[in-house]
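No value in this document is a laboratory result; all are computed from the given coordinates. Please read all numbers here as calculations on a predicted model, not as lab measurements. FYI the Cβ positions are ideal-geometry reconstructions off the backbone, even for glycines, and counts take in every protein chain you see.
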Amino acid sequence: MTETRTQTIENLNLLIKDIKMAMLTTMDNGIMRSRPMQTQDGDFDGELWFFTSKQAHKAEEIEKDNRVNVTYAEPDDNRYVSMSGTAQLIDDRAKMEELWSPAYLSWFPKGLEDPNLTLLKVSVQQAEYWDATSSSLVEAFGLLKSLVTGERAIGSDHVMLSL
């Protein structure tokens, strides 16, 4: 059964909802560069939002090549999500106010009054996830079975999606 776009987005939202940090990968003259980004509170709706500085090197990279990848990892729960799409810098005061949290003062001491503060919006086009939330006992059994039979251990979902 094929998921609808709404179902796909809902499933991805559940997978990334409580992961606080993501890795954003941009292109820099043909070289991939990744850096951690603070995940915004709120539900994923097909777009990811991050605060950044207009003076950050990633802003320059996105202006030249807007293809990006955002990855989320929660190793304790064996959840991994990779999302690819296009990024753009957005100066939207209402959206900034909606997403702002005092926790961001560590990176932006002037808060919403910082003239270099901007939003980075990622419109997700494709996603891929690995979810092995089964118990440690099930995982251990799968590993043991794999070692004995030489067959690949089963116990996780690996799904590729287009939004």
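Please tell me if residue 40 is of a type in the set (S, T, N, Q), out of contact with any Leu (no Cβ under 8 Å at 6 or more places or on another chain) and not in a strand (DSSP E or B). So residue 40 does not fit the description; no. Give the residue that is farthest from residue 54 (Cα to Cα), with candidates limited to residues of the range 75-91 that are assigned to a strand (DSSP E or B) and not hydroxyl-bearing (Ser, Thr, Tyr). It comes out as 79.
Considered as a group, the residues in the range 68-87 that are touching an Asp or Glu at 6+ places or on another chain (Cβ under 9 Å) and not aliphatic (A, V, I, L, M) include one that is farthest from residue 125 (Cα to Cα), and that residue is 77. For residue 46, the criteria (1) closer than 22 Å to residue 117 by Cβ; (2) touching a helix residue (DSSP H, G or I) at 6+ places or on another chain (Cβ under 8 Å) hold in every case but one, which is (1). Got at least one residue in the range 51-66 being among the hydrophobic types (A, V, I, L, M, F, W, C), in contact with an Asp or Glu (Cβ under 9 Å, 6 or more places away or on another chain) and in contact (Cβ under 8 Å) with a residue 12 or more places away in the chain? Among the residues of the range 51-66, not one is among the hydrophobic types (A, V, I, L, M, F, W, C), in contact with an Asp or Glu (Cβ under 9 Å, 6 or more places away or on another chain) and in contact (Cβ under 8 Å) with a residue 12 or more places away in the chain, which makes the answer no.
Looking only at the range 7-37, filter to residues that are hydroxyl-bearing (Ser, Thr, Tyr) and part of a strand (DSSP E or B); which one of those is surrounded by the most Cβ atoms within 10 Å (Cβ to Cβ)?
Per the criteria, the residue is 26.
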